[in-house]
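Nothing in this text is a laboratory measurement; each read-out follows from the coordinates by a stated rule. Worth saying up front: this structure is predicted, and the values here are computed from it rather than measured. Quick reminder, even Gly has a Cβ in these numbers, built from the backbone with ideal geometry, and neighbours come from all protein chains shown.
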Amino acid sequence: MLQVLQFSKYQGLGNDFFLLDGRSLEDPEDLFGLTPERVQRLCDRRFGVGGDGVILALPPREGGELRMRIFNADGTEPEMCGNGIRCLARFLADSDGDEAPRSWEIETLAGRIVPALAEDGRIRVDMGPPFLTPETVPTTLAVGEQGLPMGELEVLGQRLAVAAAGMGNPHAVVPVADVAAIDLEGLGAALEVHGAFPARTNVHFVQVLAPDHLVMRVWERGAGPTLACGTGACATLVACHRLGLAARHARLDLPGGPLEIHWDEASGHVFMTGPAEAVFDGVVAPSLFGEEEDMSPAPAMAPPTASPPQAGDGAIDCATACVNGCLRPEACPSAEARARVTALLEGRSLDDLVALAGESLESRTRGRLSRDAPGAP
Ligand SMILES: N[C@@H](CCC[C@H](N)C(=O)O)C(=O)O
């Protein structure tokens, strides 16, 4: 039987992810057959679903409630993702019917991270302590007087004052006078692969509006410019605090919206608070997840037919043929369809309707999958 791979799409401040629930996978190492190429296809915004990364919920290994793995849009695996773990928490709550107060101990390559549902609908995440030594970022920059790796780097012919901080994954933080004036595409791409960051790096340009209010732009390792980066916002606040530019608690405005970041003095942990929302659920088409490597675009669409469908034709597409008014008011197929739907909906509970929608999605999808399966008649 064909495997129906159901997924959910979530976003946190426009940093968007394709989520898979593998908590009950028999072989969690199988990862639903994901490979770097398949991750690239899924994340492709034109040929795939589109996303900044793919996130899997997996069974725990080290006493946590579950384990998260994340893959960047380029197929590489980072250690952690701040917006992603908020999306995962919202996804778990939506899937399991959880409400605040609820938190999860989630194992990641950056250690145990704890997101919690807040009463105001946001998600507050204990991101753990930052990494501020060259080996743990990792970076070749040496620790400066302010207690974090920093130095001047030559990038595209410019000398940039760069600080480095890790949140499990590496971040380069560049304070600037005007964040809007920065050549993000050029400088971000060049700094990502700069020799000072042997594991590549995420890159953040930050402008300080006030000690408790920063504005930043993000270039992500493995994903390019994104609308937000949770680990990046944490690293930026930590770096700016150490550089004497910011307080321990600040609002960080990213292109996709604000995050609240707090570097707690007592615990040394960084806390990130922000939103995460469902976008849609779907089922992966076999051609997207299949073995064939052909990513070429579909053949060009046929030119429009010379004359639009007429009232006497057997079939009519109301969406295109009736834009200037119904062509067949005495036997309108749309009106008939609406009447059938009304009759179907009358007297049904919300639960019935949800079940009906689920069954219909599944049967339509199964029908489409068998039709498209290799060897189908
Ligand atoms: N968007 C994420 C970070 C995702 C990983 C990053 N691209 C990396 O390679 O380290 C976030 O919100 O933290």
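Less than 12 Å Cβ to Cβ from R90, Lys/Arg counted +1 and Asp/Glu -1: what total charge do the surrounding residues give?
Summing Lys/Arg as +1 and Asp/Glu as -1 gives -1.
Rounded to the nearest 20 debye, the dipole size of segment 87-158 about its Cα centre is 20 debye, using +1 on the Cβ of Lys and Arg and -1 on the Cβ of Asp and Glu. Hey, quick one: spin label on D178, modelled 7 Å out along Cα-Cβ, who in segment 187-219 has an amide N within reach, i.e. under 17 Å? Those under the cut-off are 205-209, 215-217. Toward the positive end of the charge dipole of segment 120-181, about the Cα centre and with charges on Cβ (Lys, Arg +1; Asp, Glu -1), which of A142, M127, L156 goes farthest? Selected residue: M127.
Note the full-extension length gain between E37 and D74 as 0.36 nm times their separation in residues minus their Cα-Cα distance, in nm to one decimal.
Length difference between fully extended and current span is 12.5 nm.
DSSP beta bridges confined to segment 1-121 are antiparallel in about 70 percent of cases.
Note on V143 and R61: their simple-model spin labels are 2.9 nm apart, each label 7 Å out from Cα toward Cβ.
In this label model, R46 and A189 are separated by 1.6 nm, measuring between points 7 Å along each Cα→Cβ vector. The packing ranking, built from the mean of other Cβ atoms within 10 Å per residue, places the peptides 246-255, 129-138 in the order 246-255, 129-138, highest first.
Using the per-residue mean of other Cβ atoms lying within 10 Å as a proxy for protection, in what order, highest first, do the peptides 113-123, 213-223, 86-96, 230-240 fall? Kindly include the intermediate steps, with their values, before the conclusion.
Numbers: 113-123: 18.1, 213-223: 23.5, 86-96: 21.9, 230-240: 30.3.
With the highest mean Cβ count within 10 Å placed first, the list reads 230-240, 213-223, 86-96, 113-123.
Take the Cα of A278, go 7 Å toward its beta carbon, and the backbone nitrogen atoms of segment 93-128 under 18 Å from that spot belong to 93-100, 102, 117-118, 121-123.
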